[in-house]
1. Starting from the range 84-106, take each residue that is assigned to a helix (DSSP H, G or I) and list its partners that are of a type in the set (K, R), counting only C-beta distances under 7 angstrom and pairs at least six apart or across chains.
2. Being farther than 21 Å from R242 by Cβ, assigned to a helix (DSSP H, G or I) and aliphatic (A, V, I, L, M) is the filter here, so list the residues in the range 259-310 that pass it.
3. Considering the range 1-50 alone, what residues qualify as being surrounded by 16 or more Cβ atoms within 10 Å (Cβ to Cβ), of a type in the set (F, W, Y) and not in a loop (DSSP other than H, G, I, E, B)?
4. With respect to S274, is the statement that it is more than 22 Å from F119 (Cα to Cα), surrounded by 17 or more Cβ atoms within 10 Å (Cβ to Cβ) and modelled with pLDDT of 95 or more true?
5. Being assigned to a loop (DSSP other than H, G, I, E, B) and buried (at least 21 other Cβ atoms within 10 Å of the Cβ) is the filter here, so list the residues in the range 328-367 that pass it.
6. Touching a residue at least 24 places away in the same chain (Cβ under 8 Å) and of a type in the set (K, R): which single residue out of R267, R305 fits that description?
Amino acid sequence: MDTHLVTSRFATKMLEKALRLYTPSLSEKPMAEFLADKCDDLGFDDIQIDEVGNLIAKKGSGSPKIMLCGHMDVVPGKVKVRKEGDSLYGRGASDAKAPLMAMLFAAASIENNSGTITFVGAVDEEGNAIGIKNIVKQKWDIDYAIFGEPSGIKQVTIAYKGRLAINLKISVEDSSHASAPWLSKNAIQESAIFAIELKEKLEAGQEGRTKGMLLTVTMTEIKGGTSHNVTPRECETTYDIRIPVDMNCKSVEQKIATVVKEISEKRGVEAFYSILDETEPFEAEHNSPLVRAFTLGVMDVEHSRPTLIRKTGTGDMNVLGNQWNIPVVTYGPGDPHEAHTIDEKVSIEEYLKGIEILKKTLQHLKRLHDKKMQ
């Protein structure tokens, strides 16, 4: 198939087909096979599905070497796939099948000697990032990486917060009958005290920071208690802590250790915590050829400069950016506030413009990279 003939109608139809494949984390196989098939039609080489299920395909030749990486998985929950006016509904419409398909069609436009694109459909971004972690440990020869997440077409994401997830287990010595609650401590109530104090102490002293630069502590899960009329001896809570780019996991962990110890001594209860996930925050260089190429690409299509933004979430960009030390950004059509919603949708016009902006960006990047290398 001639890649110049990728019409708007075809690109929209393929996104719709992708949305009809319901691919929650670690069930991405149908999407990987669908993409492999499309890559074949569009003239990609070296099309493969790796041992963890990522789809990897190459297009073009020469330098620069650019990785375009989107994720194939979606959060659980089906959304009826339908078109209404300019909106296309479906689970993953914005997060992140529109960015992924936009990257596919932009990559398809690359000709020989105008750069080598490695297109990746990654697994498990919404889970534990098995997909990107498998790629990162391989140290590919790549000059620039672009990750596909909905940022809206006039915003380029240059920073993501880090994340610490911790499990906190509180144990008290005895339980008692709920009719005589003074006879023992209550592990659920003690956990509530921990929750309030941990949040207050870790979030203290952040007046005047923007949301993108805030450390946040959020309790996300709780389980405890054995019976409706017995006071609980044990309670487990999970916290999701987001870390801005001017802090790191280690310093936050040290603070957690200190605070947990203080509260447990003061309350006379046993507290044990473990770390479930640790992702360092990441901020990309603002003046790399990659960011400049995006600025020009957006200006070509939208006639205004994009805003560089710091996002409060955490993405695959963190994992790769911290390890490979190359310029990276995250970009894609779609409204980030549509992500994970019960009636997720994307604007078709924005998706199509996203393809054009990515194509132009790749052209500008080739030119800027060659200039830098002279």
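1. A93/K345; L104/K38; A106/K359
2. Matches in the range 259-310: I263, L290, V291, A293, L296, V298, M299, V301.
3. Result: F34, single match.
4. Considered against the rule, which asks whether it is more than 22 Å from F119 (Cα to Cα), surrounded by 17 or more Cβ atoms within 10 Å (Cβ to Cβ) and modelled with pLDDT of 95 or more, S274 comes out as no.
5. G332, P333, G334, E344
6. One residue alone meets the criteria, R267.
Here's the yes/no breakdown for (1) within 19 Å of the chain's Cα centre (by Cα); (2) not hydrophobic (A, V, I, L, M, F, W, C):
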{"site": "A11", "(1), (2)": "no, no"}
{"site": "F44", "(1), (2)": "no, no"}
{"site": "S61", "(1), (2)": "no, yes"}
{"site": "C69", "(1), (2)": "yes, no"}
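Results for (1) within 29 Å of V123 (Cβ to Cβ); (2) at pLDDT 95 or above; (3) not assigned by TED's automatic domain parsing to the domain that holds K137, shown as yes or no for each residue.
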{"position": "S251", "(1), (2), (3)": "no, yes, yes"}
{"position": "R267", "(1), (2), (3)": "no, yes, yes"}
{"position": "Q323", "(1), (2), (3)": "yes, no, no"}
{"position": "G332", "(1), (2), (3)": "yes, yes, no"}
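The values are calculated or read from the model by the stated rules, or taken from the named source; none is laboratory data. Treat the numbers as computed from the prediction; the structure is a model and nothing was measured. Quick reminder, even Gly has a Cβ in these numbers, built from the backbone with ideal geometry, and neighbours come from all protein chains shown.
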